[in-house]
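Asks: Take a look at this one; I'll ask things after.
The values are calculated or read from the model by the stated rules, or taken from the named source; none is laboratory data. What you are looking at is a predicted structure, and each value in this text was computed from that prediction instead of being measured. Using ideal geometry, Cβ is built from the backbone for each residue, glycine included, and neighbour counts are taken over all protein chains shown. Accessible surface is based on the protein model in full, side chains and every heavy atom, while ligands, DNA and RNA are left aside. Shrake-Rupley method; radii C 1.70, N 1.55, O 1.52, S 1.80 Å.
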Amino acid sequence: AQSVTQLDSQVPVFEEAPVELRCNYSSSVSVYLFWYVQYPNQGLQLLLKYLSGSTLVESINGFEAEFNKSQTSFHLRKPSVHISDTAEYFCAVLTQGGSEKLVFGKGTKLTVNP
Amino acid sequence: DVKVTQSSRYLVKRTGEKVFLECVQDMDHENMFWYRQDPGLGLRLIYFSYDVKMKEKGDIPEGYSVSREKKERFSLILESASTNQTSMYLCASKEGNTEAFFGQGTRLTVV
């Protein structure tokens, strides 16, 4: 069975600093990978996804993530964060050709301080 | 845009009550899900439905049941609510090998 580990439960940073939220997965088969963002008292919104092709994927608001098959990682990065990026971020995995179920990590709370 | 709508944003129920959480999606997706979200535990899958009247238990089905009589609607039922079911409940739908779309969540408090 697949699993997802988000190594940091909380990440505090200052505005305009770079940030990396780490995600590692475990699966015996090929996977699709996703990052979701959740603002307070809201549902989850898709931030970016890796399905195939280029291993570097980008979102419209400056986040990027790189799929690293050898290290089974899909870390999320942003070179300069804003106060509005304060949210909880979830990494998720879906196995190719397997169950339709997404498996989620436990989440990382990103707090951007002025 | 895909829309997943949960009938309530906030609910307060008494211990022992039967509780219905409703979810409707408008994109004809085959698959629908109910997750429970608790601090430090992330999202845990309660039940999953891959077709009308078809369901599969997730990781934490105890104390819950589901109903999918129509493709667009997936209901989560708490047969006899207990305080340990106080949580945020998230409904999602998806089709094929791509992302799931989530509703806004229902924050349930059982007193």
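Asks: Sort out which residues of segment B:78-111 are under 14 Å from B:V19 (Cβ atoms), within 13 Å of another protein chain (Cβ to nearest Cβ) and open to solvent by 20 Å² or more (accessible area, probe 1.4 Å), and write them in order of number.
Replies: Correct list: B:R107 only.
Asks: What number of residues within segment A:8-61 are within 13 Å of chain B (Cβ to nearest Cβ), of a type in the set (V, I, T) and closer than 14 Å to A:K109 by Cβ?
Replies: Residues of segment A:8-61 within 13 Å of chain B (Cβ to nearest Cβ): A:8-10, A:23, A:29-52, A:57, A:59.
Remaining after also requiring of a type in the set (V, I, T): A:29, A:31, A:37, A:57.
Going one step further and asking which of them are closer than 14 Å to A:K109 by Cβ, we end up with A:37.
Number of matching residues: 1.
Asks: May I pose another question? Go through the residues of segment A:26-38 one by one and say whether even a single one is open to solvent by 60 Å² or more (accessible area, probe 1.4 Å) and free of Cβ contacts under 8 Å to residues at least 40 places away in the same chain.
Replies: yes
Asks: Which one of these does B:Y47 not meet: (1) within 13 Å of chain A (Cβ to nearest Cβ); (2) open to solvent by 70 Å² or more (accessible area, probe 1.4 Å)?
Replies: Condition not satisfied by B:Y47: (2).
Asks: In segment A:57-98, which residue that is among the polar types (S, T, N, Q) and within 22 Å of B:L45 (Cβ to Cβ) is most open to solvent (accessible area, probe 1.4 Å)? Please lay out each step first, then the result.
Replies: Pass one, segment A:57-98, residues among the polar types (S, T, N, Q): A:59, A:61, A:68, A:70-73, A:80, A:84, A:86, A:95-96.
In the following step, the residues that additionally are within 22 Å of B:L45 (Cβ to Cβ) were identified as A:72, A:95-96.
Numbers: A:T72: 49, A:T95: 12, A:Q96: 76 Å².
Looking at residues that are among the polar types (S, T, N, Q) and within 22 Å of B:L45 (Cβ to Cβ), I get A:Q96.
Asks: Taking segment A:62-91 as the search range and keeping residues that are under 25 Å from B:T5 (Cα atoms) and of a type in the set (D, E), which one is farthest from the other protein chains (Cβ to nearest Cβ)?
Replies: Among residues in segment A:62-91 that are under 25 Å from B:T5 (Cα atoms) and of a type in the set (D, E), the one farthest from the other protein chains (Cβ to nearest Cβ) is A:D85.
Asks: Tell me whether segment B:50-64 contains one or more residues that are away from chain A (no Cβ under 13 Å), open to solvent by 20 Å² or more (accessible area, probe 1.4 Å) and among the basic types (K, R).
Replies: yes
Asks: Do any strands (runs of 3 or more DSSP E) entirely within segment A:15-114 hold 1 or more residues that are closer than 15 Å to A:V4 by Cβ, and if so, which? Show your work before the answer.
Replies: Numbers: elements: A:19-21, A:23-26, A:31-38, A:45-50, A:56-58, A:64-68, A:73-78, A:87-95, A:108-113.
Fully inside segment A:15-114 and qualifying: A:19-21, A:23-26, A:31-38, A:45-50, A:64-68, A:73-78, A:87-95, A:108-113.
Asks: Evaluate segment B:15-28: report whether one residue or more is among the aliphatic types (A, V, I, L, M), surrounded by 19 or more Cβ atoms within 10 Å (Cβ to Cβ), within 10 Å of chain A (Cβ to nearest Cβ) and in contact (Cβ under 8 Å) with a residue 40 or more places away in the chain.
Replies: Step one: filter segment B:15-28 for residues among the aliphatic types (A, V, I, L, M), giving B:19, B:21, B:24, B:27.
Then keep just the ones that are surrounded by 19 or more Cβ atoms within 10 Å (Cβ to Cβ); that gives B:19, B:21.
When the remaining residues are screened for being within 10 Å of chain A (Cβ to nearest Cβ), the result is none.
Looking for residues that are among the aliphatic types (A, V, I, L, M), surrounded by 19 or more Cβ atoms within 10 Å (Cβ to Cβ), within 10 Å of chain A (Cβ to nearest Cβ) and in contact (Cβ under 8 Å) with a residue 40 or more places away in the chain, one finds none in segment B:15-28, hence no.
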